[in-house]
Structures are given as C-alpha cells and as structure tokens.
Amino acid sequence: MSNTDKTHAQWSNRFAYILAATGAAVGLGNIWKFPYIMGENGGGAFVLVYLFCIAIVGIPVMIAEVYLGKTGRQSPMRALGQVAAKYAAAPAWKYAGGMGVLAGYLILSFYAVIAGWACAYVIETAQGQFINATPAEVKSSFDSLTSSAPKLIAWTSFMLLVTVAVVAKGLQKGLERCVRYMMPAMFLLLLIIAGYSASYGEFAQTLQFMFAPDFSKLTIDAVLEALGHSFFTLSLASGVMIMYGAYLPNNTSIVKTSMWIALADTMVALIAGIAIFPIVFANGLEPSAGPGLIFQTLPLAFGHMPAGQFIGSLFFIMLVFAAFTSAIALIESSVAWLVEKKGFSRITSAALSGFGLWLLSLLSVFSFTGASWAELHWFESSMNFFEIIDYLTAKIMLPLGGFFIALFVGWCVKKQDLAMELKLSSLMFLICSNLLKFISPLIILIVFLNLIGVLKF
Ligand code: PHE
C-alpha cells in the first residue's frame with residue numbers, strides 16, 4: 001500500500017461502491033428534472049436521444065473519471081496531478097480536477113436548498129395540507145415556502161447538517177452505511193409509487209408519451225438539453241466519480257460497474273417518468289409544466305386521489321433520500337481535499353466544508369426569496385445568484401470538465417496502462433479509447449459552443 005492509499009479508506013466491496021455511486025447519480029436530476037424536461041421536449045424522441053448520449057458520452061467519461069480516481073487514489077485535483085506527472089503531461093491538467101471539485105461545491109450550495117423544499121413537502125403532504133386543495137392553494141403554499149427566508153434557511157441547514165454528520169463519520173461508517181439503507185428504500189418507494197400511479201392513472205397514455213418517439217417534435221435544443229442532462233444526471237465532471245473511484249477496491253472492474261451505475265440511473269429516471277406522468281395525465285395537468293411539475297402539479301393531484309396523502313408523503317421521502325445520497329457525494333471531495341492538504345480530521349474537515357456551503361447556500365436562498373441584493377443586473381439583463389451558479393456549473397463547468405477529462409485520459413494516459421486496467425476485448429477497447437479521444441470531446445464541444453452562443457444551429 002502506498003502512502004496515499006492509507007490517507008483514505010476504501011469501499012468495503014464492489015457492491016457498496018455501486019450503491020454509493022448510484023446514490024450519487026440518482027437524485028433530483030432523475031426525479032425532478034428529467035420528467036419535466038422530457039415533458040417540455042415532447043417525450044419519446046427525447047428519451048431516445050438521452051439514452052444515446054448516456055451510452056456514447058456519459059459512460060466513456062464516467063470510465064475515464066473512475067480510472068483517474070483509482071489510479072491517483074486522492075481527491076480529484078491531486079489525483080489528476082499525480083497521473084499527469086506519471087505520464088510527463090502538463091501539470092495544468094490537474095485544474096480539470098480542481099474545477100470539478102469547485103463545480104460540485106457550487107452545485108451543492110443550491111442542491112441543498114431544493115432538497116430542503118423536498119423535506120418541507122414531506123411534512124406538508126403528511127399533514128394533509130393538499131387534501132382537496134385548489135390549484136391556487138397549492139401554488140400559494142409553494143410560494144410561501146420559497147419566499148420565506150427563515151423557512152428556506154431552516155430546511156437547508158437541516159439538509160447540510162445531516163450531510164456533514166454522515167460524511168464526518170467516514171467512508172464506511174458514514175457514507176456506506178447511509179447508502180446501504182437509503183438506496184434500497186428509495187428504489188422500493190419508487191416502485192410502490194410507480195405501481196400506484198400506473199394503476200390509478202393514465203398508464204397507457206404515459207407509455208405512448210414516453211416510448212413512442214415522434215421525431216417531428218425533436219428540436220436541436222432538445223438534443224442539446226439531452227446531452228447536458230446526461231452529464232448532470234451521471235454526476236460527471238463534478239469531482240464525484242473521480243473521488244468515489246479513488247476509494248474503489250483494487251479488484252473491481254471499472255467498466256462493468258460504470259455500466260451498472262449508468263443503467264440504474266437511467267432506469268430510475270424512466271421509472272420516475274412512469275410514476276409521475278400517469279398522475280399528470282389522469283388529472284388533466286400539463287406534462288410541460290416545467291420545474292414546478294413535481295412541487296406544484298403533483299401535490300394537486302395527490303390531494304384528489306385515493307390514499308394521496310400517504311403516497312404523496314412517500315413520494316417526497318423518496319425524493320429526499322435520492323437528493324441526500326447525492327449531497328454526501330457532492331461534499332466528499334472537498335472534505336477529502338481538506339484531510340489531505342491540511343491534515344485535519346474528517347470531522348473538522350466536514351464541519352469546515354459544511355459551514356462554507358451553508359454560507360454559499362444563502363446566495364441561493366435569497367435568490368429564491370427575491371431579495372434585491374441577490375439579483376445582479378448588467379446591460380439589459382439580470383440574473384440572480386442561483387441562476388448564475390446554475391448556469392456556471394451546468395452549462396460551463398461540467399461540459400468543460402468532461403471535455404478535458406476525456407481528452408486527458410484519451411491522449412495522455414499510456415494506452416497499455418489504460419487497457420490493462422479496463423480489461424476489454426481489443427475491439428471494445430478500440431471503441432472506448434476512440435470515444436474518449438475524438439467522439440466525446442467533439443460532441444461536448446459542439447454542445448458547449450452552441451450553449452454559449454458561439455455556434456448556433
Ligand atoms: N446526479 C445528481 C442528480 O441527478 C446531481 C449531481 C450532479 C450529483 C453532480 C453530484 C454531482 O440529481
């Protein structure tokens with residue numbers, strides 16, 4: 001064991017890693033975002049493009065990240081620095097790792113706020129607030145939550161406190177123990193809700209909507225959105241997969257586990273669609289309702305369905321679990337970095353990182369409450385801090401990070417070393433390495449340039 005192996009623990013086995021990494025991948029992205037962007041982009045055809053992006057870009061980049069983590073055995077920036085040194089590549093590659101950690105940190109600063117909404121909804125639904133509620137009442141309870149700074153701060157602090165407490169306990173006693181219970185519970189709840197929804201709601205119409213592609217509805221923006229989302233949903237370029245890869249037991253296959261994680265993440269997103277749309281259609285609601293889909297339309301539907309109070313509460317509990325297993329992943333790289341760099345204990349590191357996040361989360365909190373200082377104006381336009389952080393991470397840092405990671409592993413890592421670790425047949429290796437060298441970076445670049453407006457289709 002090298003020195004660095006000793007700095008950090010490892011997952012106790014391959015299954016623990018798969019659960020933890022699937023927990024990182026499955027989150028608000030799958031249950032909150034995927035259904036509504038699918039709804040906005042016409043359903044079936046969008047789903048096909050999304051699956052294609054996961055396979056062609058998502059899985060190769062995930063393999064590259066886990067490879068870097070497993071080889072470097074440290075937090076992302078240091079892991080990349082070490083791999084770069086090994087192959088005499090430019091030390092600056094390490095900043096691709098550093099940018100990931102920063103992106104993960106920024107994402108968590110607003111992710112914790114939205115996860116806090118889900119916590120609040122567990123209570124509100126369980127208390128029966130939505131029973132027979134009118135659309136105006138449901139909307140006003142959403143507005144009263146998202147415009148109240150004390151409520152948002154309280155729920156965000158709660159989310160962050162629990163996250164810090166779990167991460168402080170360490171890899172096996174904290175993160176691993178938590179995902180061991182939460183992930184199976186999350187899957188089970190999701191299946192119960194999907195079963196309920198399919199039997200009480202419009203199941204046939206949902207299947208038609210999700211799986212019968214109508215390519216006339218597919219716009220170029222939808223294709224770009226599908227690619228961007230495949231990155232976010234797999235937790236790529238945010239330091240997470242590199243960090244979790246650093247804890248991978250030696251004899252675990254990177255390729256097989258990555259496939260499993262991507263498959264599980266995709267299944268959850270699809271089942272979340274099956275859980276949500278039958279209810280949406282049965283109640284004459286709009287599938288393209290946007291970000292409010294699960295916080296505003298679903299409570300309305302639950303309020304009018306048999307056992308809706310109970311099933312609705314289960315739904316939001318599931319959402320909290322899903323978000324929470326992503327939150328611990330998002331904070332982990334910053335904690336590991338503090339342990340390595342400053343030699344602090346995990347408890348101190350988790351507390352420090354959590355406090356920084358709490359401060360940062362206030363920017364998003366006050367963006368939601370509409371505080372004027374949280375709104376920045378320039379030229380004709382204005383954006384609040386939440387929108388800026390969301391834009392900066394999802395549209396700039398994640399794609400750029402993925403781009404550099406694919407190029408780094410594709411071009412700088414010695415082919416034989418990569419082949420030895422990936423253990424693929426020669427044809428599969430050829431495909432994988434060419435995806436990393438050319439195809440993934442090219443696709444990401446096109447999307448990136450399009451998003452920032454340099455290239456317009
Ligand atoms: N993948 C998570 C989700 O789908 C979000 C996330 C992004 C988590 C990046 C970690 C890193 O909700």
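The requirement of being free of Cβ contacts under 8 Å to residues at least 60 places away in the same chain, more than 15 Å from the ligand (Cβ to nearest atom) and not in a helix (DSSP H, G or I) is fulfilled somewhere in region 285-297, by at least one residue.
Could you list all residues from region 10-30 that are within 8 Å of the ligand (Cβ to nearest atom) and either touching a strand residue (DSSP E or B) at 6+ places or on another chain (Cβ under 9 Å) or aliphatic (A, V, I, L, M) (or both)?
Residues satisfying the conditions are A24, A25, V26, L28.
Here is a yes/no grid of residues against (1) within 21 Å of the chain's Cα centre (by Cα); (2) in contact (Cβ under 8 Å) with a residue 40 or more places away in the chain; (3) more than 24 Å from G81 (Cβ to Cβ):
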| residue | (1), (2), (3) |
| --- | --- |
| L357 | yes, yes, yes |
| T369 | no, yes, yes |
| H377 | no, no, yes |
| Y391 | yes, no, yes |
| A394 | yes, yes, yes |
| L407 | no, no, no |
| S426 | no, no, yes |
| P441 | yes, no, no |
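Put simply, of A301, A272, A262 the only residue that is aliphatic (A, V, I, L, M), modelled with pLDDT under 90 and crowded, with 20+ Cβ neighbours inside 10 Å is A301. Within region 316-354, the set of residues being of a type in the set (F, W, Y) and within 16 Å of the ligand (Cβ to nearest atom) comprises F316, F321, F324, W337. Quick check, is I63 outside any loop (DSSP other than H, G, I, E, B), farther than 28 Å from G343 by Cα and more than 16 Å from the ligand (Cβ to nearest atom)? Yes.
Remark: T325 falls outside the filter, which requires a residue to be surrounded by fewer than 24 Cβ atoms within 10 Å (Cβ to Cβ), modelled with pLDDT of 90 or more, within 24 Å of the chain's Cα centre (by Cα) and closer than 27 Å to E387 by Cα. Selection of first residues in region 5-31 that are on the phi > 0 side of the Ramachandran plot and of second residues that are away from the ligand (no atom under 16 Å from the Cβ) and not polar (S, T, N, Q), restricted to Cβ pairs under 6 Å at least 6 apart or on distinct chains, gives an empty result. Residues in region 192-251 that are under 30 Å from A301 (Cα atoms), within 16 Å of the ligand (Cβ to nearest atom) and among the aromatic types (F, W, Y): F232 alone. None of G58, G23 is part of a helix (DSSP H, G or I) and under 20 Å from K437 (Cα atoms) except G58. Of all the numbered requirements in (1) closer than 15 Å to S361 by Cβ; (2) buried (at least 20 other Cβ atoms within 10 Å of the Cβ), G97 misses one, and that requirement is (1). Checked against (1) in a helix (DSSP H, G or I); (2) over 21 Å from the mean Cα position of the chain (by Cα), P306 meets all criteria but (1).
Across region 103-147, the qualifying residues are those that are of a type in the set (V, I, T) and touching a Pro at 6+ places or on another chain (Cβ under 7 Å), and the one among them that is nearest to the ligand (Cβ to nearest atom) is T125.
The values are calculated or read from the model by the stated rules, or taken from the named source; none is laboratory data. A quick note: this is a predicted structure, and the numbers were derived from the prediction, not measured. Cβ sites come from the backbone with ideal geometry, for glycine too, and all protein chains shown count toward neighbours.
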